[in-house]
1. Mind giving me the FRET efficiency for residue 34 and residue 72? R0 is 22 Å, r the Cβ-Cβ distance, nearest 0.05 is fine.
2. Test of understanding: what is the full-extension gain from residue 63 to residue 87, defined as 0.36 nm times their sequence separation minus their Cα-Cα distance?
3. Can you put 39, 60 in order of Cβ neighbours within 10 angstrom, beginning with the fewest?
4. For segment 16-77, just the Cα atoms, rotate onto the principal axes and tell me the three extents in Å, largest first.
5. Hey, fewest Cβ within 10 Å first, where do 8, 24, 77, 43 land in order?
6. What is the distance, in nm, between label points placed 7 Å from the Cα along the Cα-to-Cβ direction at residue 4 and at residue 19?
7. Where does each of 65, 83 land when they are ranked from fewest to most other beta-carbon atoms within 10 angstrom?
C-alpha cells in the first residue's frame, strides 16, 4: 500500500455575517439565565429580595461586543422616565473616549443625539 497517502485540508471561512452572528450569540448568552450549557450568563436571582442580580462586568462586555471601541464604563440602572429626561440633554449617543461611534463598521463623529 505504499504511495496511497491521502491528505485533507479543511478551511473555515470567517465572513462578516458569521462574526456578527457570533457576537449576537455571545450577547444572548450573557443575557440568558445560567444553566449547565450557559456559564457566560450575567444573571442571578436573589430569592430573599426577589431581585435579578446582574454582573456589571459581563453586561459591559455585552455592550462592548455590540459597540466596538467602547471604553469600560460604570453601569447604573435607571427608570424609563429618568432615561428619557436625561436623554434629551445628551450631546451624543456614545461614551467612547474620543466620542466616536461606529456606523456600518466606520467611525463617525456626532454632536447631536440621534437614533438609528
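1. Working: r = 23 Å, r/R0 = 1.03.
Calculated value: 0.45.
2. Working: separation 24, 0.36 × 24 = 8.64 nm, distance 1.79 nm.
Contour length minus Cα-Cα distance gives 6.9 nm.
3. Details: 39 8, 60 18.
By the 10 Å Cβ count, ascending: 39, 60.
4. If we take the Cα atoms of segment 16-77, the spans are 44, 28, 13 Å.
5. Numbers: 8 4, 24 12, 77 9, 43 16.
Ascending Cβ contact count within 10 Å gives the list 8, 77, 24, 43.
6. 4.4 nm
7. Working: 65 16, 83 10.
By the 10 Å Cβ count, ascending, the order reads 83, 65.
We did not get these values from a lab; they are worked out from the coordinates using the rules stated. Just so we're clear, the structure is a prediction, and the values are computed from it rather than from any experiment. Don't worry about glycine lacking a Cβ; one is built from the backbone with ideal geometry, like all the others, and counts go over all protein chains shown.
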